[in-house]
1. Report, by chain and number, residues whose modeled amide H sits under 5 Å from the one on A:LEU146, excluding near sequence neighbours (fewer than 5 apart, same chain).
2. Once phi is turned into θ = phi - 60°, what whole-Hz ³J(HN,Hα) does the Karplus curve with 6.51, -1.76 and 1.60 give for every residue of segment A:91-100, x standing for Gly and Pro?
3. Could you give the size of the charge dipole of segment A:30-289 about its Cα centre, using +1 on the Cβ of each K and R and -1 on the Cβ of each D and E, expressed in debye and rounded to the nearest 20?
4. Neighbouring Cβ atoms within 10 Å as the yardstick, rank A:HIS317, B:HIS53 fewest first.
5. In chain B, which whole DSSP H runs stretch at least 18 Å along their own axis (Cα) and average 0.5 or higher on the Kyte-Doolittle scale?
6. Among B:ILE255, A:ILE21, what is the fewest-to-most ranking by other Cβ atoms within 10 Å?
7. How would A:THR218, B:THR161 line up from fewest to most surrounding beta-carbon atoms within 10 angstrom?
8. Please average, across the residues of A:292-304, the number of beta carbons from any other chain that are within 10 Å of each residue's own beta carbon, and give a whole number.
Amino acid sequence: MRQTKFSNFISRNLAYIIFIIVVATIPFFVSSRFYMHILIMCGIWGIAAASMNLIMGYTGQVNLAHGAFFGIGAYSTGLLMLKLGINFWLALIMACSITVAIGFFIGLLAFRTKGSYYAIGTMCFNVIVTVIIENWEGLTEGVRGLLGIPRPTPIPFPFGKEINFTTMTANYYLVFSFLILTLLIIRRIVNSMIGRSFLAVRGNEELAESLGINTLFTKLQSFLISVFFAGLSGGLYASYIGFLSPEISDYHVTFEILIYCLIGGLGTMAGPIIGAFSLTVISELLHGMAFPRLVAYGFLLIIIVIFLRGGIMGGVHLLAANLFLKARK
Amino acid sequence: MLYTKNFNGKDDAEMALFIQQVLNGIMLGSIYSLVALGLTLEYGILHIPNFAHGALYMAGAYLTFLLATQMGFNYWLAMMLAMIALAAIGVLVERLVYRPLIKESPLNSFIAAIGLIFIFVDGALHIFGPDFKRFPPVHYEAFQVMGLTITLQRIIIITVTILLIILLQLFIKKTTIGATIEATAQDREGALLMGISVNRVRMIVFALGTGLASIAAALISPIHLVYPGMGGPVILKAFVIIILGGMGSIPGAIIGGFILGLVESLSGGYISTAYNEVFSFGVLVTVLAIRPTGLFGAK
């Protein structure tokens, strides 16, 4: 009995277990600082993409203020650590709470609208947030940016040892443990009753409402959870990079995260992660070249939207379904 | 006596400043209206959130600039040629990018539009460089009226806009092609049943929309500067305007454009220019919070 339960657990979570093992062993094979940096960026954008997927992929609300929340999380963490000298862990928690609190007011206002109006409305919020960060020089240093944000505070360990975050490997493990935590929480939410109500709202809002789902509350719930993780990824970014400028909250960041989700496949657990990882790697590798990276991005987006609508995961599902049908014949 | 005189003098100067700001607002509003008109046709009638409208506006500005400086064309001729070229590009964009997405949700078109922005803006950045281009002075004559300074270019902008709005209205109300556009706007299936080719309507709407955007860009570029990112703020504001005025509503786009132009110039003149986006988007957020479908939109 115990045995079957265990094997059941294994088979249901196979993808996650493989992912965790691969993630845990990578630092033993990769020693280059540059590649480690790319991997850490993959992890940070992975969290951001996974959080956007919750509101957009599972709840069907095109929230175009995500970059703003990433920026709010990053700036809150940075400012709390620099100006108030708060410990990183406390600052991260407080930054996520600040992001959620701001998200609550924005969400309440924005969810009065629907569809395209909602998309444009949230994008306006994104611009407003960026402009405020740019101009509130007393707090955010404006366009000069926020310099010298310290790395995470070491975790004290019994026997006089501590885990410090000066090496790339330590930062890598930090970011990836948060990524895995995010994925597990989001997966748990999506598979719960709350997640079902998200899907119901995505499918047909009027129908969901007639079934007794409070759609405003459901959307707000999904929005706030997604905003929380956006703030988390922003906080990790702030302390890893150590420098913030207002561009980090720009709507281009929103678009970038959106592209990760779309290329990987919205509404799937793996899609946004695949999208974030592959595009971060591609764009970091293309950085040095005199090549119009965004032009290539643009063509890629259009081609994907026209020909491969479900993104990479959609293509994988299609392929799997085809193989399954062939096997049955 | 002296006190009242001083007081009056100050009052006059303030009045002049106020009128100057209002005139500036009307000028900005004209440009916004022209851009928003094209967008409201594309978005409101065809349901294509053509976010690339701003990129096409930028392309229009560059083309006018190149034609006027490199080829030595007259300003008006350059504007006309650029308009025709941009109308053609608009038709091409519709045919190649938006037509395959005709049956999909608007979100897909939105994403394709972001792709188009990347191509146009980054393309311009690579071809022309990131620096700001200054138009050679045209129509820089200034008039002094009651202590106000009005440049000829500003008068031209306002006049051309009013003319174009009247022409557009005549085109839509008086011609058969215009009638097909209005019919599609009112009832898509009904229009199809009446034998109206929706594809042709799409083509005409895109040609009109991008043509108008190109003229708007050509009109404003002697005052502002020409640079690859110039479409970004304008398209955001155009979206704000069409949502403010109600999707697909032509009077909504015009009135919304002028409201936004006035809000921007007055808040810039009396409060701060740094926060000008906050004020204009603040207006939108307030309107949406009170009336979620805009001022002129259907309930």
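Values quoted throughout were computed directly from the atomic coordinates according to the rules given, and no laboratory measurement underlies them. As the structure is a computational prediction, the values presented were derived from the model and not from experiment. Reconstructed Cβ throughout: ideal geometry from the backbone, glycine too, with neighbour counts over all protein chains shown.
1. For A:LEU146, the qualifying residues are A:LEU244, A:SER245.
2. 4, 5, 5, 5, 4, 4, 5, 4, 4, 5
3. The dipole of segment A:30-289 has a size of about 520 debye.
4. Least to most surrounded, the residues fall as A:HIS317, B:HIS53.
5. Both cut-offs are met by B:2-40, B:53-69, B:75-93, B:152-174, B:198-220, B:231-245, B:250-270, B:276-290.
6. A:ILE21, B:ILE255
7. By the 10 Å Cβ count, ascending, the order reads A:THR218, B:THR161.
8. If you average over the peptide's residues, the count of other-chain Cβ atoms is 6.
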